[in-house]
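Trainee: Take this structure first; my questions come after.
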Amino acid sequence: MAQLQIALDGDLNSALETLSAVHPYVDIAEVGTPLVFREGMNALRRIREARPQLTLVADLKIMDAGRAEADIAFRAGAEVVTVMAVAADATIAGALESARTRGKRVMVDMMQVAEPRARAMELVELGCDLLCLHTAHDQQAALGSPFTLLAELREALPATGLAIAGGVKLPALTQILPLKPKVIIVGAAITAAADPRASAKQFHERIRAYGNA
């Protein structure tokens with residue numbers, strides 16, 4: 001069954017307030033890149049203290065110094081750190097070494113990859129835990145969510161953990177869920193909703209209903 005990950009990109013106070021409302025309905029809390037820019041590792045530490053039961057992702061989008069930067073996030077309380085697929089293999093391998101020594105995981109962001117299928121194969125060989133098909137924020141209006149690419153990678157890599165992110169809204173679950181992603185990442189459709197708790201509950205119930213069908 002897919003897990004629901006909430007992407008928290010605002011300030012720390014709003015992130016904590018949102019989590020207080022939605023935590024019964026989400027499996028994973030992501031400290032998004034804008035929140036990391038605003039608050040640094042303090043955001044990870046505060047959210048870890050407030051919601052110790054949630055898996056915590058640090059969306060650092062690492063491009064260099066893979067081991068050193070992953071170490072920083074893991075020490076601050078993250079279970080998962082993100083690395084860019086366009087980074088050098090040595091950078092990704094460094095982040096993986098940090099994760100393996102700590103019992104943690106690495107999610108690779110596939111944004112801006114020219115040949116996604118070929119790169120995905122390489123990343124699996126490197127030992128990456130999750131591949132995230134991510135439509136960049138600045139391209140969402142033009143491109144939408146990458147359902148076609150998700151389907152292609154699911155067919156090519158049936159046992160690989162896949163995640164999808166970037167403008168995911170509730171109606172999109174009809175297309176996403178049959179492709180069996182491991183993680184569905186939702187940001188503004190929950191955090192900017194008039195009632196974030198009700199929105200998170202809708203996502204949660206739709207995912208659970210499909211998983212139990």
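Trainee: Please work out whether region 41-144 counts as rounded, prolate or oblate from its C-alpha gyration tensor, where a ≥ b ≥ c are the square roots of the eigenvalues and a/c under 1.5 means rounded, while otherwise a/b larger than b/c means prolate and anything else oblate?
Mentor: oblate
Trainee: Which residues in region 1-32 place their backbone N less than 16 Å from a point set 7 Å from the Cα of residue 204 along the Cα-to-Cβ direction?
Mentor: Hits in region 1-32 for residue 204 at 16 Å: 2-7, 17-30.
Trainee: Report, to the nearest whole %, how much of the accessible area of the chain belongs to carbon and sulfur atoms, 1.4 Å probe, protein only. Please list the in-between numbers first.
Mentor: Numbers: 4970 of 9680 Å².
Carbon and sulfur atoms account for 51 percent of the accessible area of the chain.
Trainee: Based solely on its DSSP helices, what 222 nm [θ] is calculated for the chain when runs of n ≥ 4 H residues each add -39,500 (n - 2.57) and the sum is averaged over all residues, nearest 500 deg cm²/dmol?
Mentor: Numbers: 11 runs with 101 residues, N = 213.
Helix-only estimate at 222 nm: -13500 deg cm²/dmol.
Trainee: Can you give the convex hull volume per residue for the Cα atoms of region 39-100, as a whole number of Å³? Walk me through the numbers before you get to the answer.
Mentor: Values: hull volume 4.3 nm³, N = 62.
Value for region 39-100: 70 Å³ per residue.
Trainee: Compute the accessible area per residue over region 1-128, keeping the other protein chains in place, probe 1.4 Å, unit Å². Display every interim value, and only then the final one.
Mentor: Details: 5460 Å² over 128 residues.
With all protein chains present, region 1-128 gives 43 Å² per residue.
Trainee: Here's something else I'd like to know. Just to check I understand the Karplus step: with θ = phi - 60° and J = 6.51 cos²θ - 1.76 cosθ + 1.60, what whole-Hz values come out for region 200-209, glycine and proline as x?
Mentor: Rounded to whole hertz, the list is 4, 5, 5, 4, 4, 5, 5, 5, 5, 4.
Trainee: Which of (i) 43, 38, 33; (ii) 49, 35, 31; (iii) 70, 36, 27 is the computed Cα extents along the principal axes in Å for the structure on display?
Mentor: Here Cα extents along the principal axes in Å agrees with entry (i).
Trainee: Place a label point 7 angstrom from the Cα of residue 90 along the Cα-to-Cβ direction, then list the residues of region 61-76 whose backbone nitrogen is under 14 Å away.
Mentor: Once the point is set 7 Å along Cα→Cβ of residue 90, 64-68 turn out to lie under 14 Å by backbone N, inside region 61-76.
Trainee: Decide, for region 164-213, between rounded, prolate and oblate: order the square roots of the alpha carbon gyration tensor eigenvalues as a ≥ b ≥ c, take rounded if a/c falls under 1.5, and otherwise choose prolate if a/b is larger than b/c, else oblate. Let's see the in-between values first.
Mentor: Details: a/c = 2.34, a/b = 1.41, b/c = 1.66.
It comes out oblate by the Cα gyration axes.
Trainee: Given charges of +1 on the Cβ of Lys and Arg and -1 on the Cβ of Asp and Glu, with all other atoms neutral, how large is the dipole of the chain about its Cα centre, in debye to the nearest 20? Please list the in-between numbers first.
Mentor: Values: 22 positive and 24 negative charges, 122 e Å.
Here the chain has a charge dipole of around 580 debye.
Trainee: Can you pull the one-decimal nm distance between simple spin-label points at residue 148 and residue 65, each 7 Å off the Cα toward Cβ?
Mentor: Between residue 148 and residue 65, the simple spin-label model gives 3.9 nm.
Trainee: Would you mind telling me the antiparallel percentage of the DSSP bridges in region 52-171, rounded to 5? Please list the in-between numbers first.
Mentor: Values: 0 of 16 bridges.
Of the beta bridges lying entirely in region 52-171, close to 0 percent run antiparallel.
Trainee: Let me make sure I get this right: for region 86-199, a, b and c are the square roots of the gyration tensor eigenvalues over alpha carbons, sorted descending. Under 1.5 in a/c it's rounded, otherwise prolate if a/b > b/c, else oblate. Which is it? Intermediate values should be presented prior to the final figure.
Mentor: On the way: a/c = 1.85, a/b = 1.53, b/c = 1.21.
It comes out prolate by the Cα gyration axes.
The values are calculated or read from the model by the stated rules, or taken from the named source; none is laboratory data. Given the structure is predicted, the values throughout are model-derived calculations rather than measurements. Cβ coordinates were reconstructed from backbone atoms using ideal geometry, including for glycine residues, and neighbour counts include every protein chain displayed. What goes into the accessible areas is simple: the full protein's heavy atoms, side chains included, and nothing from ligands, DNA or RNA. Shrake-Rupley method; radii C 1.70, N 1.55, O 1.52, S 1.80 Å.
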